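Colleague: The structure's right below; bear with me while I get my questions together.
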Amino acid sequence: MAETERTNTEFANSGGAWLELRRMMPCTRKWAYFDHAAVAPISAPAQAALVEWANDFAENGCADWPQWAQELEQVRRSGAELISAATDELALVHNTTEGVNLVAEGFPWQEGDNVVVPADEFPTNLYPWLNLGGRGVEVRRAPVDEGRVELDRLAAACDSRTRIVAVSWVGYASGWRNDVDALVELAHSRGALLFLDAIQGLGVFSLDVRKTPVDFLAADGHKWLLGPEGAGLFYLRREHLDRLRPLGVGWNSVAHAYDFNCVEMNLKPAAARYEGGTYNMPGLAAFGASLELLATYPTEQIAARVLAVTDELCERLARLGAKIASCREPQHASGIVSFELPGRNPALVRKACREQQVLLSCRGGRLRASPHAYCNADDLDRLIAALGSC
């Protein structure tokens, strides 16, 4: 089944298939968790990896460091497989912001160049570009209506000096999911490159960078990828490796990284040149464990499940009198549902839900629910009951 072909019948009939993933999420013992678009709970395998690392380093110090370092390469392979990239096109970074800045600060800008972004981007995908103002680079913010990113508006903002179009795969407040193929075509047809902030899509929706040639991509693992904060991915197409000026260069940026007596500026011929210093070893180990867990489920099935859960949620919210703000058209729906309860203060509603161990967020003046594939009918019951009691 394609990721956009889903029904409420599918939601009702497929819950059992996700019981094993649910068992891998300790948070379900206490919480009805609808906040993956903010910070997700980590999986049981990620928890175990953190505990194992802590125990090992407490008892043995760096004696087993080489083993942990080797396991980082498995994390890189898992991340590359997730988007069908080559391993040498992937860097292990601390967060999405780091990835954005590698492009923003490393690109060979000329005064008068510009970047095009949707007006309602998350600050992570705005400030690094705005910071280029001192170098004569203009940021053009294309108008957006209720979170809808219209391609013609992005296109109208581009001209011959547009170097990068920077867009989030999924809008953090609205849940609007962009067609990445269309974004790539738009940027490339204007002679620009595409930077994709993938944090709200990766882990739920499929992306094959061989077929959909985005130029740069960044995503932290602490949302839909069910990893801890401080561990994420940065991808750049191999052909752009020497186009970006290396940033954060350190001992780990060079091909002879472990030969500390050799001081030669011989950068790694891979995206790993951006991993200049010491890694967040425990965070990446935990991130890798969650990547391996999610890899046991075809991404198309995760997408179909998340969309079925959010469809059911929207129907139940509507019966409660809520106004759904998120677009639920199949090609643009995501795991984010933004909604209003007329006459009720979103912050107070969120607080009341939290007191009932139901977690969701407020964004853009509305409530925002973001369930994952392991969320089930019991979670929905708890959410609707909590909202109804506010």
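The values are calculated or read from the model by the stated rules, or taken from the named source; none is laboratory data. Everything numeric in this text was worked out from a predicted model, so none of it was measured. With ideal geometry, Cβ positions are generated from the backbone for all residues, glycine too; neighbour counts draw on all protein chains shown.
Colleague: So for the stretch 32-47 (the condition being among the aliphatic types (A, V, I, L, M), modelled with pLDDT of 95 or more and exposed (fewer than 15 other Cβ atoms within 10 Å of the Cβ)), does at least one residue qualify?
Modeller: yes
Colleague: Got a sec? Which of C375, C327 is at pLDDT 95 or above and either in contact with a Lys or Arg (Cβ under 7 Å, 6 or more places away or on another chain) or in a helix (DSSP H, G or I) (or both)?
Modeller: C327
Colleague: I would also like to ask the following. Go over the candidates E89, E71, E98, E105 one by one and state the one that is among the acidic types (D, E), in the same structural domain as L267 (by TED's automatic domain parsing), closer than 17 Å to L207 by Cβ and surrounded by 14 or more Cβ atoms within 10 Å (Cβ to Cβ).
Modeller: Just a single option satisfies the conditions, and that option is E89.
Colleague: Of everything in the stretch 277-289, what is closer than 19 Å to A218 by Cβ and either part of a loop (DSSP other than H, G, I, E, B) or at pLDDT below 95 (or both)? Give them in sequence order.
Modeller: Scanning the stretch 277-289 gives G277, Y279, N280.
Colleague: Out of A369, A352, A347, A333, report the one residue that is within 12 Å of G175 (Cα to Cα) and either out of contact with any strand residue (DSSP E or B) (no Cβ under 7 Å at 6 or more places or on another chain) or outside any loop (DSSP other than H, G, I, E, B) (or both).
Modeller: Result of the check over A369, A352, A347, A333: A369.
Colleague: Now for a different question. Where the second residue is among the basic types (K, R) and the first is in the same structural domain as T278 (by TED's automatic domain parsing) and lies in the stretch 253-265, which pairs have Cβ atoms under 8 Å and are six or more apart or on separate chains?
Modeller: From residues that are in the same structural domain as T278 (by TED's automatic domain parsing), the pairs are S253/K268; S253/R273; V254/K268; V254/R273; A255/K268; A257/K268.
Colleague: In the stretch 141-153, is there at least one residue being assigned to a helix (DSSP H, G or I) and over 22 Å from the mean Cα position of the chain (by Cα)?
Modeller: For the stretch 141-153, residues assigned to a helix (DSSP H, G or I) and over 22 Å from the mean Cα position of the chain (by Cα): present.
Colleague: Got a sec? Which of R319, R328, R245 is surrounded by fewer than 16 Cβ atoms within 10 Å (Cβ to Cβ), charged (D, E, K, R) and in contact (Cβ under 8 Å) with a residue 60 or more places away in the chain?
Modeller: So the residue among R319, R328, R245 that is surrounded by fewer than 16 Cβ atoms within 10 Å (Cβ to Cβ), charged (D, E, K, R) and in contact (Cβ under 8 Å) with a residue 60 or more places away in the chain is R245.
Colleague: Look at C314 and say whether it is surrounded by fewer than 21 Cβ atoms within 10 Å (Cβ to Cβ) and in a helix (DSSP H, G or I).
Modeller: yes
Colleague: Could you count how many residues in the stretch 252-276 are outside any loop (DSSP other than H, G, I, E, B) and not hydroxyl-bearing (S, T, Y)?
Modeller: The number of residues fulfilling the criteria is 6.
Colleague: Determine if the stretch 188-195 includes at least one residue that is in contact with a Cys (Cβ under 6 Å, 6 or more places away or on another chain), surrounded by fewer than 22 Cβ atoms within 10 Å (Cβ to Cβ) and not assigned by TED's automatic domain parsing to the domain that holds R363.
Modeller: The answer is yes, given that some residue of the stretch 188-195 is in contact with a Cys (Cβ under 6 Å, 6 or more places away or on another chain), surrounded by fewer than 22 Cβ atoms within 10 Å (Cβ to Cβ) and not assigned by TED's automatic domain parsing to the domain that holds R363.
Colleague: Here's a check for you: in the stretch 352-390, which residue that is among the basic types (K, R) and under 19 Å from C27 (Cβ atoms) is surrounded by the most Cβ atoms within 10 Å (Cβ to Cβ)? Walk me through how you get there before you give the answer.
Modeller: Filtering the stretch 352-390 for residues among the basic types (K, R) gives 354, 363, 366, 368, 382.
Cutting the leftovers down to under 19 Å from C27 (Cβ atoms) gives us 354, 368, 382.
Numbers: R354: 14, R368: 25, R382: 17.
Here the answer is R368.
Colleague: Within the stretch 120-140, identify whether any single residue is acidic (D, E), buried (at least 16 other Cβ atoms within 10 Å of the Cβ), more than 20 Å from W176 (Cβ to Cβ) and touching a residue at least 40 places away in the same chain (Cβ under 8 Å), and answer yes or no.
Modeller: Checked the stretch 120-140: no residue is acidic (D, E), buried (at least 16 other Cβ atoms within 10 Å of the Cβ), more than 20 Å from W176 (Cβ to Cβ) and touching a residue at least 40 places away in the same chain (Cβ under 8 Å).
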